[in-house]
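The values are calculated or read from the model by the stated rules, or taken from the named source; none is laboratory data. A quick note: this is a predicted structure, and the numbers were derived from the prediction, not measured. With ideal geometry, Cβ positions are generated from the backbone for all residues, glycine too; neighbour counts draw on all protein chains shown. For accessibility, only protein heavy atoms count, side chains too; no ligands or nucleic acids. Shrake-Rupley method; radii C 1.70, N 1.55, O 1.52, S 1.80 Å.
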Amino acid sequence: MNNDLLIQELKQQNLSVGILASPWLEFNQVLNILKTHKLNILHFDVADGNFSPLFTVGSIAIKQFSQDYFKDIHLMVNNQQGVVEDCIRNGANLITLQLENRIYLRETLQWIRTQYNTYKSNEYSVLAGLSLFPETELSLLGEYIDDVDVIQLLTLNPISGKKFDVKIISNRIQELWSIFGDELDNKIISVDGAMTLEMANYLSENCRVNWFVSGSALFKADLSYNLQSWEKVKNNFH
């Protein structure tokens with residue numbers, strides 16, 4: 001399967017699970033529940049506490065999960081170029097960089113796509129993504145649009161912690177399609193940041209979006225029950 005077909009397959013899941021928000025002592029149970037719901041995209045925030053106040057586990061956490069899972073890595077670090085290499089060594093299948101950190105950005109994106117990792121017993125080139133703060137101009141994506149497979153729009157600013165209204169995020173998604181149009185057809189459009197079921201419902205009803213990243217909201221209460229509720233969101237996708 002080539003990467004275009006892989007992307008189309010990944011779009012069918014609609015949910016990238018922020019696995020680091022799950023109860024660490026219940027990982028096996030959590031993974032079994034995700035398998036029951038045919039969800040195997042796992043989202044990892046790798047943050048160094050310098051790019052933003054957020055500090056998380058390092059790239060070694062990725063290695064703990066088998067190739068049966070598609071490992072979606074979001075970097076919030078100063079040294080994107082160096083951490084990328086560690087992530088790929090530990091099995092990352094997608095690495096999303098912050099557009100706001102533009103040091104060697106194009107070179108790093110291009111290099112990511114020359115690397116390979118295994119997913120479900122097949123070897124694919126690693127996908128590259130760009131993430132944008134809510135205040136960042138979408139037009140800045142233009143010079144990188146051919147170098148990315150995923151565009152991730154954040155609902156909050158990870159530096160200030162400011163969260164933006166769902167209608168603002170909805171307008172940004174619509175503006176994204178207005179600017180780039182058909183160029184987005186073979187890309188995954190993702191929304192990340194304190195994602196609730198209510199926000200996901202609104203966005204899926206009003207915008208063309210492929211993935212939602214959700215962690216804490218999924219694991220707040222019973223995971224099986226929450227995932228049943230998320231099934232209703234899937235019915236709204238365009």
Would you please give the residues with an amide H less than 5 Å from that of residue 119, counting only those at least 5 places away or on a separate chain, with H modeled from the backbone geometry?
-> 124
In debye to the nearest 20, the charge dipole size for region 3-231, taken about the Cα centre with +1 at each Lys and Arg Cβ and -1 at each Asp and Glu Cβ, equals 480
Go through 35/220; 63/163; 11/163 and tell me which ones have a Cα-Cα distance over 24 Å in this structure.
-> 63/163; 11/163
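Please give the net charge around residue 18, taking every other residue with its beta carbon less than 13 angstrom from that of residue 18, where Lys and Arg add +1 and Asp and Glu add -1. Write out the running numbers ahead of the final one.
Numbers: positive: 71, 220; negative: 45, 72, 192.
So the environment of residue 18 carries a net charge of -1.
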How high is the FRET efficiency between residue 135 and residue 32 when r is their beta carbon distance and R₀ equals 30 Å, given to the nearest 0.05?
-> 0.15
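How much of the accessible area of the chain, probe 1.4 Å, is carbon plus sulfur, in whole percent?
Values: 5150 of 10840 Å².
Roughly 48 percent of what the probe reaches on the chain is carbon or sulfur.
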Estimated [θ] at 222 nm from DSSP helical runs (n ≥ 4, -39500 (n - 2.57)) normalised by residues in the chain, nearest 500 = -9500 deg cm²/dmol
For residue 70, which sequence-distant residues (separation of 5 or more, or a different chain) have an amide H within less than 5 Å of its own amide H, given hydrogens modelled in the peptide plane?
-> 41, 42
Scaled radius of gyration (Cα, divided by 2.2 N^0.38 Å) that region 110-238 gives | 1.12
For residue 43, net neighbour charge (Lys/Arg +1, Asp/Glu -1) across residues whose Cβ lies under 11 Å away | -2
Please compute the net charge surrounding residue 54, taking Lys and Arg as +1 and Asp and Glu as -1 over other residues with Cβ under 13 Å from its Cβ.
-> -3
Share of Cα-Cα pairs in region 188-237 beyond 18 Å, whole percent, is 21
How much accessible area per residue does region 3-231 have, in Å², with a 1.4 Å probe?
-> 44
When the Karplus curve 6.51 cos²θ - 1.76 cosθ + 1.60 is applied with θ = phi - 60°, which whole-Hz ³J(HN,Hα) does each residue of region 176-189 get, with x for Gly and Pro?
-> 4, 5, 5, 6, 10, x, 4, 5, 8, 4, 9, 10, 9, 9
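Which length gain, in nm to one decimal place, applies between residue 177 and residue 107 when the Cα-Cα distance is subtracted from 0.36 nm times their residue separation? Can you show the working numbers first?
On the way: separation 70, 0.36 × 70 = 25.20 nm, distance 2.53 nm.
Roughly 22.7 nm would be gained on extension.
Give the Rg/Rh ratio for the chain, taking Rg as the radius of gyration of the Cα atoms and Rh as the Kirkwood radius, to two decimals. Kindly include the intermediate steps, with their values, before the conclusion.
Values: Rg = 16.4 Å, Rh = 17.8 Å.
Expressed as Rg/Rh, it is 0.92.
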Work out the charge dipole of the chain with +1 on the Cβ of Lys and Arg and -1 on the Cβ of Asp and Glu about the Cα centre, then indicate which of 176, 76, 108 is farthest towards its positive end.
-> 76
